[in-house]
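Novice: Would you mind keeping the following structure in view while I ask a few things?
Every number in this text was worked out from the coordinates using simple rules, so none of it is lab data. This is a predicted model, so every value here is computed, not measured. Because the Cβ atoms are built from the backbone with ideal geometry, glycine has one as well, and the counts that use them run over all protein chains shown.
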Amino acid sequence: MTAKKTVILGYDAVSPLGTDMDSQWRRAVNGESGIDRLTRFEVTPEFPVKIAGQVADVDVAPYPFLSARNLAHWSSPLFKYAMLVVHRALERSGMVITPDLAPRVAVTFSSAVGGQDAVLKADRRMIQEGKMPHPFTNPNSCINMVGGKISMLTGATGPITATVTACATGVTSLIVGSMLLEMGKADVALCGAVDFALVEPIVAGFATMNGAYVHKPDQAAEPPARASRPFSGDRRGFVISEGAGSIIIATQEFARTHGLKYTLQVAGWGMTSDARHFVAPNFETVRRCMVQAVESAGIAPGDVDAVNAHAASTRVGDQVESDALRAVFEESAPPVSANKSMIGHAMGASSAIESILAMEGMQRNMLLPTINHTPDPAIPLDCVSEGARKVNQEFVLKNAFGFGGCNSCIVFKRTA
């Protein structure tokens, strides 16, 4: 069976940089940060995390399906933002999911953390008020319900699955969607991820794991925008954030048959498991994941024009990714952008949002900067630290690595 080519029809995102694509792109090109003071909940002086990447509220008036009435039972912001980005991505794609097409439309849109805020709210309600949970508490917290709500919104009735691979969820969603297309199980897939994990126990839990950025009292104060600094010699952990990204893919044959325009395609991908540690990445399996992606694209490492890195700003994670990149590219890695320097770490949604920023850059011949970068002698990468750079990009490698040793890498190709 000959694999079918997967093309990108449309995409949309919300992130700490904004709630529309134009403003997010503009701010990213300017090297602005979306990191600021954490205000999602009351932060006491004793609480370890004080900053975060937060998504602004959106005007729901143009979107009746996001009205207060329609979302009355869906209290977790997951659903609001997931449905918004999928709706807008479909609009950008020019595709309409009609009843005759619906059985061939898959949904792989997912979340890494899910609506745990709903469970926390129910728990506090039981303790403080002695009241039982709201009937929709469990549906709000059920991770696959995000894809279910997208299916209900769009009418898609093809294969549906929740592709949970922690921080790699967004890219994994794209890979699984592409697999369904390549196997002939669907013609279109609604991919992406959403995470709004800024709730007290999750944020504090990342701090106790020594993963999240925490200001140390004995160090000089610094602005929130400076805290996320991937690949830097003074990196001190990731900044927790939130967001959502949706990517609509289809077979090339379907796009051509229905007159749908595209300029990008999924050229190849790789997936590996570290089988080693629950958070610390494994050099060999990370390297092999990149190699798989490049080889399945039918290209040589030297054909890759740029890398959109996972780069969470952790000491070990950034070092392993850098070492793996230098091994794959024989110590001559192409320019590397680390978008988390501007948007923080939005859990499973990060790799979806970053894929979208990478694809937008491919179409605009622009490589986004890695801000806050100070060279680390142990990480000799070109991190585009001087600012946005004009680069013609035919092939871009996107890396995503998740807790549990879940590695997903994908290669995008510009076709026009």
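Novice: I need the helices of the chain that pass two filters: whole DSSP H segments spanning 30 Å or more by Cα along the axis, and mean Kyte-Doolittle score no lower than -0.5.
Specialist: Within the chain not a single helix satisfies the rule.
Novice: Nearest 0.05, what FRET efficiency do Ala56 and Ala221 give at R0 = 22 Å with Cβ-Cβ as r?
Specialist: 0.30
Novice: What does the charge dipole of the chain about its Cα centre add up to, to the nearest 20 debye, if the Cβ of each Lys and Arg holds +1 and the Cβ of each Asp and Glu holds -1?
Specialist: 620 debye
Novice: Let me ask something else about it. Using helices alone, what [θ] at 222 nm do you get for the chain, with -39,500 (n - 2.57) per DSSP H run of 4 or more residues, divided over all residues and rounded to the nearest 500?
Specialist: -9500 deg cm²/dmol
Novice: Next question. Using 0.36 nm per residue, how much length does the chain from Ala102 to Thr415 gain when fully extended, once their Cα-Cα distance is taken away?
Specialist: Separation in residues times 0.36 nm, less the Cα-Cα distance, equals 110.0 nm.
Novice: Would you please give the residues with an amide H less than 5 Å from that of Phe231, counting only those at least 5 places away or on a separate chain, with H modeled from the backbone geometry?
Specialist: Amide H to amide H, under 5 Å and 5 or more residues apart or across chains, Phe231 pairs with Ser313.
Novice: Next question. Give me the percent of DSSP beta bridges within the chain that run antiparallel, rounded to the nearest 5.
Specialist: 75 percent
Novice: At R0 = 51 Å, how high is the FRET efficiency between Ala207 and Thr157 if r is their beta carbon distance? Nearest 0.05 is fine.
Specialist: Working from the Cβ atoms, E equals 0.75.
Novice: Only Cα pairs within less than 10 Å get springs; with that Gaussian network setup on the chain, which residue of Gln265, Gln252, Gln219 has the largest fluctuation?
Specialist: Its mean-square fluctuation being the largest, the pick is Gln219.
Novice: Treat every Asp and Glu Cβ in the stretch 17-82 as -1 and every Lys and Arg Cβ as +1, leave all other atoms uncharged, and give the resulting dipole magnitude about the Cα centre to the nearest 20 debye.
Specialist: Dipole magnitude for the stretch 17-82 comes out near 100 debye.
Novice: Okay, moving on. Tell me the chymotrypsin sites (Phe, Trp or Tyr not before Pro) within the stretch 6-89 that lie in a loop according to DSSP and have at most 10 other beta-carbon atoms within 10 Å.
Specialist: none
Novice: Next up: Sequence gap at least 6, Cα distance under 8 Å: using those rules, report the relative contact order of the stretch 6-257 to the nearest whole percent.
Specialist: Across the stretch 6-257, relative contact order equals 30 percent.
Novice: A further question on this structure: Report the trypsin sites (Lys or Arg not before Pro) located in the stretch 104-206 that are in a DSSP loop and have at most 11 other Cβ atoms inside 10 Å of their Cβ, or state none.
Specialist: Sites meeting the loop and neighbour criteria: Lys131.
Novice: Using a Gaussian network model on the chain with a 10 Å cutoff between Cα atoms, which of Leu153, Leu264, Leu17 fluctuates the most?
Specialist: Fluctuation is largest for Leu153.
Novice: Considering only Cα-Cα distances, which of the following residue pairs are longer than 22 Å: Lys261/Lys413; Lys4/Lys185; Lys185/Lys398; Lys149/Lys413?
Specialist: Beyond 22 Å: Lys185/Lys398; Lys149/Lys413.
Novice: Ok, one more. Among Trp74, Met152, Ala312, whose Cα sits farthest toward the positive end of the charge dipole of the chain (+1 at Cβ of Lys/Arg, -1 at Cβ of Asp/Glu, about the Cα centre)?
Specialist: Comparing the listed Cα positions along the dipole, Met152 ranks first.
Novice: Sticking with this one: By counting other Cβ atoms within 10 Å of each Cβ, how are Arg315, Arg69 ranked from fewest to most?
Specialist: The most exposed by this proxy come first: Arg69, Arg315.
Novice: Within the stretch 262-301, report the chymotrypsin sites (Phe, Trp or Tyr not before Pro) that DSSP leaves as loop and that have at most 12 other Cβ atoms within 10 Å.
Specialist: Filter output for the stretch 262-301: Phe278.
Novice: Taking neighbour counts of Cβ atoms within 10 Å as a proxy for exposure, in what order, fewest first, do Glu200, Glu354 appear?
Specialist: Fewest-to-most Cβ neighbours within 10 Å comes out as Glu200, Glu354.
Novice: Of Ser355, Gly404, Val391, which is farthest along the charge dipole of the stretch 267-414 in the positive direction, counting Lys and Arg as +1 and Asp and Glu as -1 at C-beta?
Specialist: Value: Ser355.
Novice: Also, I was wondering about something else. Residues in the stretch 196-223, backbone N under 12 Å from the label point at Ile127 (7 Å along the Cα-to-beta-carbon vector): list them, ranges by number please.
Specialist: Only 200-201 fall inside the zone, counting backbone N under 12 Å.
Novice: What shape does the stretch 81-238 have by the C-alpha gyration tensor, where a ≥ b ≥ c are the square roots of the eigenvalues, rounded means a/c under 1.5, and otherwise prolate means a/b greater than b/c and oblate the rest?
Specialist: oblate
Novice: Could I ask something else about it? For each of Arg229, Arg256, Arg40, count neighbouring Cβ atoms within 10 Å of the residue's Cβ, then give the residues from fewest to most.
Specialist: Exposure proxy ranking, most exposed first: Arg256, Arg40, Arg229.
Novice: Give me the aspartates and glutamates in straight-line cross-link reach of Lys121: C-alpha distance below 13 Å, same-chain residues under 8 apart excluded.
Specialist: By straight Cα distance, Lys121 reaches Glu129, Glu200.
Novice: Rounded to the nearest Å, what's the spacing between the alpha carbon centres of the stretch 203-234 and the stretch 334-386? Just the number, please.
Specialist: With the stretch 203-234 and the stretch 334-386 each reduced to a Cα centre, they are spaced 19 Å.
Novice: With a 10 Å cut-off between alpha carbons and a GNM built on the chain, which of Leu174, Leu71, Leu325 moves the most?
Specialist: Leu71
Novice: Let me ask another. If contacts are Cα pairs under 8 angstrom and at least 6 residues apart, what is the relative contact order of the stretch 122-176 in percent?
Specialist: Across the stretch 122-176, relative contact order equals 19 percent.
Novice: Let me ask another. If you place +1 on the Cβ of every Lys and Arg, -1 on the Cβ of every Asp and Glu, and leave all else neutral, what size is the dipole of the stretch 243-334 about its Cα centre, to the nearest 20 Debye?
Specialist: Approximately 300 debye in magnitude.
Novice: Which FRET efficiency value, to the nearest 0.05, do you get for Glu46 and Asp234 by plugging their Cβ-Cβ distance into 1/(1 + (r/R0)^6) with R0 = 22 Å?
Specialist: Plugging the Cβ-Cβ distance into 1/(1 + (r/R0)^6) gives 0.30.
Novice: Among [x] 55, 25, 19; [y] 55, 32, 20; [z] 29, 29, 18, only one was calculated for this model; which label is it, if the read-out is semi-axes √(5λ) of the Cα gyration tensor in Å?
Specialist: Evaluating semi-axes √(5λ) of the Cα gyration tensor in Å on these atoms matches [z].
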